[in-house]
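Q: Handing you a structure now.
Quick note: the coordinates plus some simple rules give every number you see, no bench work behind them. Note that the coordinates shown come from a computational prediction; the quantities given were computed from them, not determined experimentally. All Cβ positions, even for glycine, are placed from backbone atoms using ideal geometry, and neighbour counts span all protein chains on display.
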């Protein structure tokens, strides 16, 4: 079996912007099964998450990729009523990628790196808890966590009016030597952030 390519995407060509391949649910489920094989590891994020491994979204581009798993029973009402306490919305798994903050790659020392095993092969991948909260100004924001209880990235969460079949959706585009990811939540909210290659 090929190396596990989890979900999301990246960039190594000179093309400026191109959409990445999104797997079907049937194709995505084996990736979700692989990362959920160790329940303690799956639930070991710095803020508590309880994700649904039957509803993954996987995007990939060659050896780069990413996956989102939604929080079980995720409801738009919980997000709309969020206060200063983070409300978990799921997990983001990356393959050979790391989020970018202020134009710089988040260092691997700040990430929660886990080992995933599948058919005799091992892959080390960042596992990021995802949550939403309302900031001091009253605006909703997406929190992306590494290995500590302080998020490695905070992104504005904007309104969205769309129909989507799964609680979380992920759109990835290449942009030079980085990638832009758009996370969509329940067709009601979206947040955009950048990723780049992770050097392990």
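Q: Once you sort the root eigenvalues of the Cα gyration tensor of segment 62-142 as a ≥ b ≥ c, which label holds: rounded (a/c under 1.5), prolate (a/b larger than b/c) or oblate (the other case)? The partial results should precede the final answer.
A: Values: a/c = 2.94, a/b = 1.66, b/c = 1.77.
Oblate shape, in that a/c is at least 1.5 and b/c is the bigger or equal ratio.
Q: Once you have the Cα-Cα distance between residue 29 and residue 73, take 0.36 nm times their residue separation minus that, and quote the gain in nm to one decimal.
A: Between residue 29 and residue 73, full extension yields 14.0 nm more.
Q: Using the Cα gyration tensor of segment 122-179, with a ≥ b ≥ c the square roots of its eigenvalues, what is the shape: rounded (a/c below 1.5), prolate (a/b larger than b/c) or oblate (neither)?
A: Verdict is oblate for segment 122-179.
Q: Kindly rank 26-38, 52-64 from highest to lowest mean number of other beta carbons found within 10 Å of each residue.
A: By packing density, highest mean first, the sequence is 52-64, 26-38.
Q: While we're here: Note down the relative contact order for segment 17-193 as a percent, whole number, built from C-alpha pairs under 8 angstrom at least six residues apart.
A: 21 percent
Q: Another question, if that's okay. Please order 149, 184 by the number of other Cβ within 10 Å, starting at the fewest.
A: Going from sparsest to densest Cβ surroundings: 149, 184.
Q: Take every DSSP beta bridge whose two residues both sit in segment 17-193, then give the antiparallel share in percent to the nearest 5.
A: 100 percent
Q: Could you list 84, 121 so that the one with the fewest beta carbons within 10 Å of its beta carbon is first and the one with the most is last?
A: Ranking 84, 121 by Cβ neighbours within 10 Å, fewest first, gives 84, 121.
Q: For the chain, modelled as a GNM with alpha-carbon contacts under 10 angstrom, which of 43, 65, 179 fluctuates the most?
A: 43
Q: Just rank 124, 85, fewest to most, by other beta-carbon atoms within 10 angstrom.
A: Going from sparsest to densest Cβ surroundings: 85, 124.
Q: Taking the chain as the region of interest, what is the percent of Cα-Cα pairs per 5 angstrom bin, listed from the shortest bin to the one with the maximum distance?
A: Bins of 5 Å from zero give 1, 8, 17, 22, 22, 16, 9, 3, 1, 0 percent of pairs.
Q: Per residue of the chain, what 222 nm ellipticity follows from adding -39500 (n - 2.57) for every DSSP H run with n ≥ 4, rounded to the nearest 500?
A: Only helices count here, giving -2500 deg cm²/dmol.
Q: Please build a GNM for the chain, connecting alpha carbons under 10 Å apart, and tell me which residue among 167, 88, 46 fluctuates the most.
A: 46
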